[in-house]
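Below: one structure, written as structure tokens.
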Amino acid sequence: MVGGLLPAGTTLPPLPHLLAVLLATGGVVAALRRRRPAVTGRRVLALAPWMALGSAAHVLYVVDALPPLIAPLAGSPTVYLTVGSLAGAAWLAADAARPERVGGTLATTGAALLVPVVAAAVGAGLSPVGARWSAVALGLTVPIAGGAWLGLTRFRPEVAVTGGVGALAVFGHALDGVSTAVGTTQLGFGERTPVSRILLEIGGLPSLPVIGDGWLFLLVKLAVASAVVWLFAAYVRETPGEGYLLLGFVAAMGLGPAAHNLLLFSVAA
């Protein structure tokens, strides 16, 4: 029964790789707990390239474009621990070297790692049709996410305290919803997560241009993300460090799968 609740493709790496990534993750977590670097909205926003990095690395894993020695580290869900430990190590190093520039350093190093990974995926083979629909999905998401954020902050003004991290959470989940709908409607991709697949396979719904029946999935994603951001507003106001960090995790749960969709469509459609 538990297996039926997990996304398709969920695997564990060979034992040596699993032990290595668990030890690395545990070591980084322990070091972060000892140093306790300051957590701000700007620093959490700087993790956005790292959120996309894990997804891009997993695309390389899916298309079998990684060397056998490191490929198991990019499987799902291992890739989250792999990239998370790297991001944590980068945060520690930046905080030790120049604490006043942690945000910029984190964003720069994440982007510097993301660019070659994306380039490697595209270099393995670009699908013009997939790339076009990925661009369409991104273009549609900007006004949809912007409208959702504007409506949320006007209906619940207290949400504004979450700032860019709250906006990133709404944008990430909107992009995941739009890209998933476009992928299933226009490119024939399937959804790996059982609950999401149920929403996408509900019959008898009116179809919209581009996203087809996937508008219900998008609507649910936007509603849930908006509700979570609203609920986190008080947490961010009272305990900013923990609030921003947890809200960043919520943003990653949307932006990561969305980035995976866009890159996978571009190389595998």
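Any residue at all in the range 84-99 that is assigned to a helix (DSSP H, G or I), basic (Lys, Arg), out of contact with any Gly (no Cβ under 7 Å at 6 or more places or on another chain) and not assigned by TED's automatic domain parsing to the domain that holds Phe249? No. Leu152 - would you say it is surrounded by 17 or more Cβ atoms within 10 Å (Cβ to Cβ) and touching a Ser or Thr at 6+ places or on another chain (Cβ under 8 Å)? In short, yes.
The residues in the range 37-54 that are closer than 20 Å to Leu246 by Cβ, crowded, with 24+ Cβ neighbours inside 10 Å and either touching a Ser or Thr at 6+ places or on another chain (Cβ under 7 Å) or of a type outside the set (Val, Ile, Thr) (or both) can be counted, and the count is 8. Taken as a whole, the condition of being out of contact with any strand residue (DSSP E or B) (no Cβ under 9 Å at 6 or more places or on another chain) and at positive phi does not apply to Gly190. Within the range 91-104, the set of residues being without any contact (Cβ under 8 Å) to a residue 60 or more places away in the chain and within 20 Å of the chain's Cα centre (by Cα) comprises Trp91, Gly104.
Restricting Pro13, Pro7 to residues that are at pLDDT below 95, closer than 19 Å to Gly254 by Cβ and surrounded by 13 or more Cβ atoms within 10 Å (Cβ to Cβ) narrows the list to Pro7. Scanning the range 211-233 for residues that are in contact (Cβ under 8 Å) with a residue 40 or more places away in the chain and crowded, with 16+ Cβ neighbours inside 10 Å yields Ile211, Phe217, Leu218, Lys221, Leu222, Ala225, Ser226, Val228, Val229, Trp230, Phe232, Ala233.
Screening Leu114 with (1) surrounded by 21 or more Cβ atoms within 10 Å (Cβ to Cβ); (2) over 30 Å from Ala30 (Cβ atoms) gives one miss only, at (2). Every condition in (1) over 20 Å from Val62 (Cα atoms); (2) surrounded by 12 or more Cβ atoms within 10 Å (Cβ to Cβ); (3) free of Cβ contacts under 8 Å to residues at least 40 places away in the same chain holds for Glu191 except the one numbered (1).
The values are calculated or read from the model by the stated rules, or taken from the named source; none is laboratory data. Only a predicted model underlies this, so the values are computations on that prediction, with no experimental measurement involved. Positions of Cβ are generated from backbone atoms using ideal geometry, with glycine treated the same way; all protein chains shown enter the neighbour counts.
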